[in-house]
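**Student:** Can you read through this structure? Questions will come right after.
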Amino acid sequence: MSLLRVENVTKRFGGITANQDVSFSLGAGQIVGLIGPNGAGKTTMFNCIAGYAPPTSGDIWLNDKKISGYSPEQCAHAGIGRTFQVARTFTSMTALENVMVGAFLINRNVAKARHSAAELLDFVNLGQFKDKPAGSMTISEQRRLAVARALAVKPKLLLMDEVMAGLNPTEVKETVEVVLKIRDQGISCLIVEHVLEGIMPIADAIVVLDYGKKIADGKPAEVSNDPKVIAAYLGDE
Ligand SMILES: Nc1ncnc2c1ncn2[C@@H]1O[C@H](COP(=O)(O)OP(=O)(O)OP(=O)(O)O)[C@@H](O)[C@H]1O
């Protein structure tokens with residue numbers, strides 16, 4: 001059974017159709033890449049799934065629960081964690097406190113939040129920054145910090161929005177290793193990414209959006225040879 005099912009989702013902002021009749025699914029323990037040119041509707045799809053912008057029509061299911069129309073907090077409780085395209089790091093707070101903010105979404109107990117935040121920092125290889133201000137960390141480290149914060153809601157599904165953008169090849173490799181570790185914990189990952197060399201080798205499937213519509217959905221090798229994808233996206237590279 002699919003963990004996530006997106007069924008015929010359309011999202012309009014006034015006259016703009018950001019997502020049009022998009023359907024795809026993601027199985028438990030899978031890594032799925034959501035790619036497409038700028039403005040294709042990827043972040044809007046994340047916002048629909050995570051409760052930030054309910055679909056205009058269509059439905060979203062997590063396991064057997066219909067979550068379309070849920071608030072972001074309800075989505076977090078249902079098992080969806082997310083990072084944002086622009087990292088929302090609290091730069092003057094320590095790395096630990098940043099992750100505790102995520103933990104508080106599901107549990108208000110300070111000692112428990114502190115404990116799970118410390119574990120998560122170790123998990124994303126940032127244990128040494130525990131008591132350092134987040135503003136002192138590199139962009140790559142701040143992205144992993146955002147991943148740790150999203151993991152603090154103990155998600156079944158983690159949505160990652162461009163966590164590899166602007167990173168050098170070593171940093172991309174470090175981030176990919178963290179994504180694989182997350183998947184190995186049984187957490188499914190839906191990843192919006194322009195850094196194709198990061199996502200293509202690790203994805204079970206790739207969904208391609210173009211002008212709000214899904215134009216391809218399949219294994220990375222199939223999708224990257226699809227003429228529609230080459231024309232719409234890879235041809236732009
Ligand atoms: N809140 C909003 N109000 C109006 N239009 C919006 C809103 N959010 C997104 N859009 C429009 O919807 C379309 C899809 O945008 P979206 O940010 O989802 O694309 P994207 O694929 O994530 O792009 P990028 O790769 O540049 O991040 C664009 O035309 C965008 O201008």
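The values are calculated or read from the model by the stated rules, or taken from the named source; none is laboratory data. Since the model is a prediction, treat every value here as computed from it, not as a measurement. Because the Cβ atoms are built from the backbone with ideal geometry, glycine has one as well, and the counts that use them run over all protein chains shown. These area figures cover heavy atoms from the full protein model, side chains too; ligands, DNA and RNA do not enter into them. Shrake-Rupley method; radii C 1.70, N 1.55, O 1.52, S 1.80 Å.
**Student:** Go ahead and collect, in residue order, the members of the stretch 190-220 whose backbone nitrogen is under 17 Å from a label point 7 Å along the Cα-Cβ direction of ALA231.
**Tutor:** 208-217
**Student:** Shifting gears a bit: Please report the accessible area of MET93 (heavy atoms, 1.4 Å probe, ligands and nucleic acids excluded) in Å², nearest 10.
**Tutor:** Approximately 60 Å² for this residue.
**Student:** Leaving out ligands and nucleic acids, and using a 1.4 Å probe, what accessible area per residue does the stretch 63-219 come to in Å²?
**Tutor:** About 45 Å² of surface per residue is accessible.
**Student:** Let me cross-check VAL195: its accessible surface, 1.4 Å probe, with only protein heavy atoms counted, in Å² to the nearest 10?
**Tutor:** 30
**Student:** First select every other residue whose beta carbon is under 10 angstrom from the beta carbon of LYS42; then total the charges, Lys and Arg +1, Asp and Glu -1.
**Tutor:** -3
**Student:** Same structure again: Carbon and sulfur: what percent of the stretch 2-236's accessible surface (1.4 Å probe)?
**Tutor:** 51
**Student:** Using a cut-off of 15 Å between beta-carbons, work out the net charge of the residues near ILE202 (Lys and Arg +1, Asp and Glu -1, ILE202 not included).
**Tutor:** On the way: positive: LYS173, LYS181, ARG183, LYS219; negative: GLU174, GLU177, ASP184, GLU193, GLU197, ASP204.
Net local charge, ILE202 excluded: -2.
**Student:** Give, to the nearest whole percent, the P(r) tail of the stretch 2-236 beyond 23 angstrom, counting all Cα pairs.
**Tutor:** Result for the distance tail: 46 percent.
**Student:** Follow-up. Hey, what number do you get for the chain at 222 nm if only DSSP H runs of n ≥ 4 count, each worth -39500 (n - 2.57), divided across all residues, to the nearest 500?
**Tutor:** Theoretical 222 nm ellipticity from helices: -10000 deg cm²/dmol.
**Student:** Heads up, I need the accessible area for ILE16: 1.4 angstrom probe, whole protein in place, Å², nearest 10.
**Tutor:** About 110 Å², ignoring ligands and nucleic acids.
**Student:** By how many nm would the segment from LYS173 to ILE139 lengthen if fully extended, with 0.36 nm per residue of separation less the alpha-carbon distance?
**Tutor:** Computed gain between LYS173 and ILE139 is 10.8 nm.
**Student:** Suppose accessible area is computed on protein heavy atoms with a 1.4 Å probe; arrange ARG108, ARG114, ARG82 from highest to lowest.
**Tutor:** ARG108, ARG114, ARG82
**Student:** Here is a further query. Could you please report the charge total around ALA103, scoring K, R as +1 and D, E as -1 over all other residues with beta-carbon less than 11 angstrom from its beta-carbon?
**Tutor:** So the environment of ALA103 carries a net charge of +3.
**Student:** Moving on to the next point. Between ASP122 and ASN107, 0.36 nm times their residue separation minus their Cα-Cα distance comes to what?
**Tutor:** Computed gain between ASP122 and ASN107 is 3.4 nm.
**Student:** Return the sequence-ordered ³J(HN,Hα) values of the stretch 114-124 in whole Hz as given by the Karplus equation 6.51 cos²θ - 1.76 cosθ + 1.60 applied to θ = phi - 60°, using x for Gly and Pro.
**Tutor:** Once θ is set to phi - 60°, the couplings for the stretch 114-124 become 4, 5, 6, 5, 5, 4, 5, 4, 4, 4, 9 Hz.
**Student:** If you don't mind, another one. Compute the length gained on full extension between GLN74 and ASN38: take 0.36 nm times their separation in residues and subtract their Cα-Cα distance, giving the result in nm to one decimal.
**Tutor:** Length gained, GLN74 through ASN38: 10.1 nm.
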